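Here is the structure we will look at, set down as structure tokens.
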Amino acid sequence: MKTIFPDYYKDFKCIADKCRHNCCIGWEIDIDPDTLAFYKSLNDDFGKGIMSHVNMDFPPHFRLADGDRCPNLRSDGLCEIICRLGEGGICEICREHPRFRYSFNSREEVGLGLCCEEAARIILSEREKFSIECDGEELQKEEPRQNQDHYHERKHKRCPLTESDLHSKNLIEILQRNRIWRSSDRCRHTSDVC
């Protein structure tokens, strides 16, 4: 299966304690089955401590601590699980966020969500137009025509936004012109689009 992604995708790395809007605050963090099994297998005090913060209601998730913080988020802004076990010890949502994936028959399209300040910085501070890249095999001629058209349209499309455009009164017009935002999309403020 091929993976299609914007060229800036691989530049993302969580900035952890440098983040001003921490994704470990304000929402319940679901725990995927493989990670839950891993946590249950930890027979030391640390593993027992992790499990003491898990709500087993479906889906299993961490109970939030004071200030709606993940109980594993230390006061210095670092994750206790990562500090002790490495990135392989965290659950799937923590490992993947703010990345997203859409899977199709022959391809997977991935990107970064603007809900993360570091992802937004990477995307919106680009001075050049981004391009779409592909890992894996190229499209085969026998693929359905709609997949070929869709892929080629995206592969050759470039995002017209640069940092200076973000302050433009014409932002929505730019987004509409490049089919990034439709007039049927509604927002209360221009900042809702960004």
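A few remarks follow.
- Residues located in segment 1-28, provided they are within 15 Å of residue 101 (Cα to Cα), loosely packed, with under 14 Cβ neighbours inside 10 Å and not charged (D, E, K, R): 1
- Output for segment 98-124, where each listed residue is crowded, with 18+ Cβ neighbours inside 10 Å, within 11 Å of the chain's Cα centre (by Cα) and not in a strand (DSSP E or B): 116, 118, 119
- Remark: pairs (first residue in segment 66-87, open to solvent by 40 Å² or more (accessible area, probe 1.4 Å) and aromatic (Phe, Trp, Tyr); second residue part of a helix (DSSP H, G or I) and modelled with pLDDT under 95; Cβ separation under 6 Å; 6+ apart in sequence or on different chains) are absent.
- Qualifying positions in segment 29-55 - exposed (fewer than 14 other Cβ atoms within 10 Å of the Cβ) and within 19 Å of residue 99 (Cβ to Cβ): 34
- When segment 11-35 is filtered for residues that are part of a helix (DSSP H, G or I) and free of Cβ contacts under 8 Å to residues at least 40 places away in the same chain, only 33 remains.
Residue-by-condition table, conditions (1) more than 20 Å from residue 22 (Cα to Cα); (2) touching a His at 6+ places or on another chain (Cβ under 7 Å); (3) not aliphatic (A, V, I, L, M):
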{"site": "71", "(1), (2), (3)": "no, yes, yes"}
{"site": "80", "(1), (2), (3)": "no, no, yes"}
{"site": "97", "(1), (2), (3)": "no, no, yes"}
{"site": "100", "(1), (2), (3)": "no, no, yes"}
{"site": "104", "(1), (2), (3)": "yes, no, yes"}
{"site": "109", "(1), (2), (3)": "yes, no, yes"}
{"site": "117", "(1), (2), (3)": "no, yes, yes"}
{"site": "127", "(1), (2), (3)": "yes, no, yes"}
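- For residue 58, the conditions (1) assigned to a helix (DSSP H, G or I); (2) open to solvent by 30 Å² or more (accessible area, probe 1.4 Å); (3) free of Cβ contacts under 8 Å to residues at least 12 places away in the same chain; (4) over 27 Å from residue 134 (Cβ atoms) all hold with the exception of (1).
The values are calculated or read from the model by the stated rules, or taken from the named source; none is laboratory data. The structure presented is a predicted model; accordingly, all values stated were derived computationally and were not measured. Cβ coordinates were reconstructed from backbone atoms using ideal geometry, including for glycine residues, and neighbour counts include every protein chain displayed. With ligands, DNA and RNA removed, areas are computed over all heavy atoms of the protein, side chains included. Shrake-Rupley method; radii C 1.70, N 1.55, O 1.52, S 1.80 Å.
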